[in-house]
Every structure is written in C-alpha cells, then in structure tokens.
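Asks: Once you've had a glance at the structure underneath, I'll fire off some questions.
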Amino acid sequence: AKRAALACLLLLLLWLPYLFSYWPGLIHGDSLTSIKQIEGSIGLDNHHPVAYTMIVGLFIKTVSFLGLDVTVGCGLYTIAQMFALAYCVAYLSFWCVYHVGLKPFWAYAVIALFATSPYLASFSISMWKDPLFSCGIILLSIKMIELVLSNGRMAVESKSWIVVYALACLAVGFLRSNGVAILVVTTLVACLCLIGRKNALRKALKKSAFIATACLVVVLIVTGPIYNMLGVRSAGSAEALGLPINQVARVVAYDGELSEAEKEALGRAFPFDAYADAYRPLCVDMLKWDSRFDQEAVDGEFLKAWIT
C-alpha cells in the first residue's frame, strides 16, 4: 500500500503539467451538460449519469458556498479524479507484479509507462464519467481475480474485500448506462462458477454473487422507479447499446449480407440507405444523435438482427 501511494504521487506529479496547461481540465460537451444540470438551467438526464453529475456537483456547490466560481470547482474535481485514477493504476501495477512474483522494480517500470503516456495523462484530466468508471472496472477486476486466487477465502474472511467489491459494483452500475450489463454478466459468471465446486468455495462464490445481485438490484431500483419519481429522464436504450448499433451500421455500410426481415428491423431505427453516411468506425454518436434515429426502434427485432 505504501509503495502504491508513492507511485500514485509520482503519477500525479508527472500528470500535473497537463492540468496546468488545460486548467481546470479538459471540458467536453458532456461536461458542460453536467455543469448546466448542476446549476439547474436544464433538467437531470441519466444519459449523463446522475451519480457522476452529483459527484461533480459536490465540488461545484462547495466552492460556490465559499464564494468561488465554477472553474475552481471543476479544477478541484479534476484533481480528485486524477488522484483516484493514479491510485488505481498504481495499485493495479503493484498487484499484478506481486501476484506474478516479480520484483517491485517492474511495477515502477510499468508505472513509468503510464506516467509518460500522453493519452493517460489527458484521460486523467478529462471531465467526464469514463475515468471514474475505469477506476470501478479496475477494482472490480482485481476483486474478482482475488476471489478465484484465494479459492473464495476473500469473500468469507475479508471485510475490506467485501466493501471494496460492493463499492466497485455500484460504481460500475451507476457511472455508465451499460454498466448494468457488466454487473449482470459478472453475477452470471459467479453463479456458473458455483457448479461442481467444493463447499467452501461454493459458499464464497454464492456470497460474491449475492453482493453483485444486491448491487444490481439497487442500481435498477434507483435508476428506474426512483429516477422516474424524481423526474430524471432515462438514458434510453441507444446509450447502453452503442456498440451493437455501430456494429450493425458497419454491416450495412459495407454491404454485408442481410435478410429482408433484418433490413426492415434496422430500417425502423434509421433510414437504411443513410447508414453508410452516418457510420464512423470509432464513434457511434454521428448515428445515435442524428435527428432521424429512432431510439424506440432499438428493440427486440433490432437486437435479433444484430445477433444473427
């Protein structure tokens, strides 16, 4: 833990020039939407996860109470985000090196790569949900691997493991619309691993599956009935299914083989002849936010066409 903390500080020091150059961080269109939601000029919309907006709002509202402007609040949030990402990256590096059986030198070598990566430095100061979501994914992955490597003892003997695992599940579920799918798969994998296991490991896997299921239920209740009651607009199916949408768009754009039923299903969501112009290999937004795109048509028939 001490080495990870030291490496975290090293990462922060080497990323700081990016923050100073782009103070208060890289502010994107999504960032501005969250800020407007915090200020109350537009309503809450879970397309920009409410949990993320509330975290940013904590910083902006606090500095506002102290008489400081929104720029300071965004800057303080960015610093906190940098710290969270730096610590998770440092912890992951030492965790991997330790479990592989290598000397700490190799962890510092890996951290040096992270520290000098312009992409990761820019990512750390980008004011959007993805850096915090990435922290949740890192912690969730580590805890799942620890569960297997310890033959389930972690879930039975370590209270800290349970707390971090639960927090990671909640972070993944609340910080992205498709985080729910990740939790569903994680829970199913844990349940499948119960098959044919010894009693001790079976008990541990059952406990981890219960925690993941409980977190999933909390996420679904909060983002469903509670958000509806509070007037929060849902993200819509297209937000959670961006990857399948872009994949079917690629098939259409490159004249892939499609049956008439599949063409009809895809055509209900977006004019079939317009897919080629709207398709972008690395970004689904051109298609997803086109005024002609019908999110309601991303239904069972659309997903059936994607699967086949």
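Values quoted throughout were computed directly from the atomic coordinates according to the rules given, and no laboratory measurement underlies them. Bear in mind that the values here come from a model prediction, so they are computed numbers and not experimental data. Heads up, the Cβs are rebuilt from the backbone with ideal geometry, glycines too, and the neighbour counts pull from every protein chain shown.
Asks: For residue 54 and residue 163, FRET efficiency with R0 = 30 Å and r from the beta-carbon atoms, rounded to 0.05? Walk me through the numbers before you get to the answer.
Replies: Values: r = 21 Å, r/R0 = 0.69.
Given R0 = 30 Å and the Cβ-Cβ separation, E is 0.90.
Asks: Further question on the same structure: Taking θ as phi - 60°, what are the ³J(HN,Hα) couplings along the stretch 229-234 by the Karplus curve (6.51, -1.76, 1.60), each to the nearest whole Hz, with x for Gly and Pro?
Replies: Running phi through 6.51 cos²θ - 1.76 cosθ + 1.60 with θ = phi - 60° gives 5, 8, x, 7, 5, 6 Hz.
Asks: Hey, can you list the DSSP H helices of the chain whose Cα span along the axis is 27 Å or longer and whose average Kyte-Doolittle score is at least 0.5?
Replies: Numbers: long enough: 2-21 (30 Å, 1.59); 70-100 (45 Å, 1.40); 130-149 (28 Å, 1.69); 199-221 (32 Å, 1.30).
Flagged H segments are 2-21, 70-100, 130-149, 199-221.
Asks: Would you kindly state the longest site-free stretch of the chain, with sites defined as trypsin sites (Lys or Arg not before Pro) in a DSSP loop (not H, G, I, E, B) surrounded by at most 10 other Cβ atoms within 10 Å? Show your work: numbers first, answer last.
Replies: Numbers: sites that count: 198, 292.
That gives 1-197 as the longest site-free run.
Asks: Let me ask another. For the stretch 94-220, what is the relative contact order in percent, using Cα pairs closer than 8 Å and at least 6 residues apart in sequence? Don't skip to the end; give the middle numbers.
Replies: Details: 110 pairs, mean separation 28.4, N = 127.
Averaging sequence separation for qualifying contacts and normalising by length gives 22 percent for the stretch 94-220.
Asks: Right, something else. Label residue 9 and residue 119 with points 7 Å out from Cα along Cα→Cβ: what is the distance between them in nm?
Replies: Simple spin-label model gives 3.0 nm for this pair.
Asks: Next up: Go through 22-31, 85-94 and give me the packing order, highest mean Cβ count within 10 Å leading. Let's see the in-between values first.
Replies: Numbers: 22-31: 16.5, 85-94: 22.8.
Highest mean packing first, the order is 85-94, 22-31.
Asks: With label points built 7 Å along Cα→Cβ from the Cα atoms of residue 188 and residue 103, find their separation and express it in nm.
Replies: Here the modelled spin labels are 4.5 nm apart.
Asks: Now for a different question. Percent relative contact order of the chain, based on C-alpha pairs within less than 8 angstrom and at least six residues apart? Display every interim value, and only then the final one.
Replies: Numbers: 352 pairs, mean separation 50.9, N = 308.
Computed over the chain, the figure is 17 percent.
Asks: Which of the listed residues, 82, 218, 94, is farthest toward the dipole's positive end in the chain, when Lys, Arg count +1 and Asp, Glu count -1 at the beta-carbon?
Replies: 94
Asks: Give, as ranges by residue number, the residues of the stretch 279-293 whose backbone N falls under 16 Å from the point 7 Å along Cα→Cβ of residue 33.
Replies: 283-293
Asks: For a quick check: with amide H placed at 1.01 Å from N, whose amide H comes under 5 Å from residue 47's, ignoring anything fewer than 5 positions away on the same chain?
Replies: Long-range HN contacts for residue 47: 235.
Asks: Same structure, new question: Quote the FRET efficiency, to the nearest 0.05, computed for residue 282 versus residue 259 with a Förster distance R0 of 45 Å and r equal to the Cβ-Cβ distance.
Replies: Approximately 0.95, to the nearest 0.05.
Asks: If you don't mind, there's one more thing I want to ask. Could you work out the helix-only [θ] at 222 nm for the chain, with each DSSP H run of four or more residues adding -39,500 (n - 2.57) and the total divided by the number of residues, to the nearest 500 deg cm²/dmol?
Replies: That comes out to -22500 deg cm²/dmol.
Asks: Moving to a separate point now. Of the listed values (i) 19.7, 62; (ii) 21.7, 62; (iii) 19.6, 65, identify the label whose number matches Rg and Dmax of the Cα atoms in Å calculated from this model.
Replies: Correct label is (ii).
Asks: To continue, here is another question. Can you give me the long-range amide H partners of residue 126? Hydrogens built in the peptide plane at 1.01 Å from N, cutoff under 5 Å, separation of 5 or more residues or another chain.
Replies: 26
Asks: Oh, and also: Under a plain spin-label model, where a point goes 7 Å from the Cα along Cα-to-Cβ, how far apart in nm are residue 243 and residue 70?
Replies: Modelled inter-label distance: 3.3 nm.
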